[in-house]
Amino acid sequence: MALSTLKITNFRCIEAAALSLSEDENYFFGDNGAGKTSILEAAYFLGRGRSFRTHRPGRLVRDGMAGFSVVGHVSWSGHDVVLGVEGSRGGVQARIGGAPAESLSGLAERLAVQVIDPEVHRLVEEGPGRRRRFLDWGVFHVKPGFLGAWRRYQRALKQRNAALRQGLAAERVTAWDPELIVAAQQITGLREDYVAALTQGAALAAADLLGATVSLEYERGWAGDGNLTDALADSLARDRRHGRTHAGPHRADLKIRFEDKPARDRVSRGQQKLLAAALVLAQLDLLRDATGHRGVLLLDDPAAELDAESLKRLMNRVAGMGVQRLITGLDERGLAPTASAARFTVSAGRVSKLV
Ligand SMILES: Nc1ncnc2c1ncn2[C@@H]1O[C@H](COP(=O)(O)OP(=O)(O)OP(=O)(O)O)[C@@H](O)[C@H]1O
Ligand SMILES: [Mg+2]
């Protein structure tokens, strides 16, 4: 899959831009505040229904406007499909092939987009929530049953937590456990399979980018080696005290080990970025191997935090992956675009293609 066009309206500082993209390599150059990251953010929104910079779609609406829209043509499984998103302070609406889509997952299914930006190190550094979302994007794309299991789990968890919050009798709480446990088993199995496959690719990418040994391990989200049935029984009193469920895949984590030690305690900021980048690239490799889809990679200011040698290794690896790339930078330094790359200049929210 690749984005062949991208039309952006009233998104951040961009009033209107209509881009025709290369299926391979695209560069966006411009000064600070020109709107480069905003272009990548718009492309990301089209594949995710959310931003990588804010949870509030209202923030993305250009000052003084009521809403934004992003529309793009995606070549997908041999045919062309038009994806669209419209956003405002009131929410987000997706369109697929011109018709309103029921959920945002339809966008993700058709446009697999990943980002490596100056904040990517947070994947390594921060709490498990970010790593769960990272993991679930990958599982969603390569394991068809995942979305259904995840939705069933969320529904049961919400009901169970509501019963806990309302202080209902224990049997009103545990009534949700059978449904919760079945969905949790599915999620756990799919995530474990996925992590087993991802760890190989991540180890290769990390060896290449960092010259270090990296491994991944899935933590299921409850203590001990026992099953979730027992873990839920053990934590019931605590759950009722706190008004929420403490055991289950909603508490899972992806443990990252660097030279056989927990990565978070071991690596510098630049290394965190390379390590997180290795995980992202491993996901895209796995996506291609499992589904044949190439994916779209957004590289926002890849030069930030990286020394010249590390940047070169990252750019070389990315170029060899066959994914479509949208890359930003202040200028060409360290990026070395090929002769066939599409180049755009961005200035005060205006985008023009260099020919
Ligand atoms: N909702 C909005 N409406 C109008 N302008 C906005 C909005 N949100 C952000 N901006 C402005 O958009 C501009 C471009 O931001 P962006 O982050 O895309 O720049 P950039 O080219 O990536 O810069 P840098 O090189 O510093 O990363 C900023 O000056 C910002 O103030
Ligand atoms: Mg930027």
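What follows is calculated from the coordinates using simple rules that are stated; it is not laboratory data. For clarity, every value in this text was computed on a predicted model and none was experimentally measured. Counting neighbours? That spans all protein chains shown, and the Cβs are built from the backbone with ideal geometry, glycine included.
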Choice from GLU192, GLU126, GLU109 showing the highest fluctuation, given a GNM over the chain with Cα pairs closer than 10 Å: GLU126
Ordering of 23-32, 42-51 by packing [mean C-beta count within 10 Å, highest first]: 42-51, 23-32
Rounded FRET efficiency, nearest 0.05, which uses the C-beta distance separating GLN93 from GLU15 and R0 of 30 Å: 0.90
Within a Gaussian network of the chain (alpha carbon springs, distance under 10 Å), most fluctuating of THR54, THR199, THR37: THR54
Loop-located trypsin sites (Lys or Arg not before Pro) in the stretch 75-154, at most 14 other Cβ atoms within 10 Å (DSSP): ARG89
Size-normalised alpha-carbon gyration radius of the chain, reference 2.2 N^0.38 Å: 1.04
Check: the chain dipole with +1 on Lys, Arg Cβ and -1 on Asp, Glu Cβ, in debye: 1080 debye
Ranked list, fewest to most other Cβ atoms within 10 Å of each Cβ, for TRP176, TRP76: TRP76, TRP176
Mean separation of Cα contacts under 8 Å, 6 or more apart, over the residue count of the stretch 133-211: relative contact order %: 37 percent
Restraint check, LYS36/LYS312; LYS312/LYS353; LYS143/LYS255; LYS7/LYS273, Cα-Cα greater than 27 Å: LYS7/LYS273
